[in-house]
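The values are calculated or read from the model by the stated rules, or taken from the named source; none is laboratory data. These numbers were taken from a predicted model, which means no experiment stands behind them. No Cβ is skipped: glycine too gets one built from the backbone with ideal geometry, and neighbour counts run over all protein chains shown. All accessible areas refer to the heavy atoms of the entire protein, side chains included, with ligands and DNA or RNA removed. Shrake-Rupley method; radii C 1.70, N 1.55, O 1.52, S 1.80 Å.
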Amino acid sequence: MAHLRDGDLPGYEEIGERLTEEFGGVHAPETVSRCVAAARHGAREVTGAASPDLVERIARKHLQVLAVVAAEKLRQTSRTRLGNAP
């Protein structure tokens, strides 16, 4: 399934740029683009509209959750490698 990129979402390019800068050390630009597209789609499905402000808030939350999951996986991997598995 093809995902829309920020450039395919008129009016949402700035959101992708801001979030790419904000999460630059954590997520690849492609991940940010997918989150923006998913947030836009989800907002439309749930509320019937997708204002840029709402899309940005949803996408930011998605990216924050993904960052927490990635950090936890890294922590678990590090503990396993050191022989300190829970």
Under 9 Å between Cβ atoms, at least 6 apart or on separate chains: pull out the pairs that start in the stretch 46-71 with a residue that is more than 16 Å from Leu19 (Cβ to Cβ) and end on any residue that is open to solvent by 60 Å² or more (accessible area, probe 1.4 Å) and modelled with pLDDT under 95. Ala71/Val26
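Take the stretch 66-77 and flag every residue that is more than 21 Å from Tyr12 (Cα to Cα) and open to solvent by 50 Å² or more (accessible area, probe 1.4 Å).
Going residue by residue through the stretch 66-77, those that are more than 21 Å from Tyr12 (Cα to Cα) are 67-77.
Scanning the stretch 66-77 gives Val68, Val69, Ala70, Ala71, Glu72, Lys73, Leu74, Arg75, Gln76, Thr77.
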Sort out which residues of the stretch 12-44 are within 15 Å of Val55 (Cβ to Cβ) and in contact with a Ser or Thr (Cβ under 7 Å, 6 or more places away or on another chain), and write them in order of number. Gly16, Val32
Looking at the stretch 13-59 only, could you name the residues that are β-branched (Val, Ile, Thr), out of contact with any Leu (no Cβ under 8 Å at 6 or more places or on another chain) and exposed (fewer than 14 other Cβ atoms within 10 Å of the Cβ)? Val46
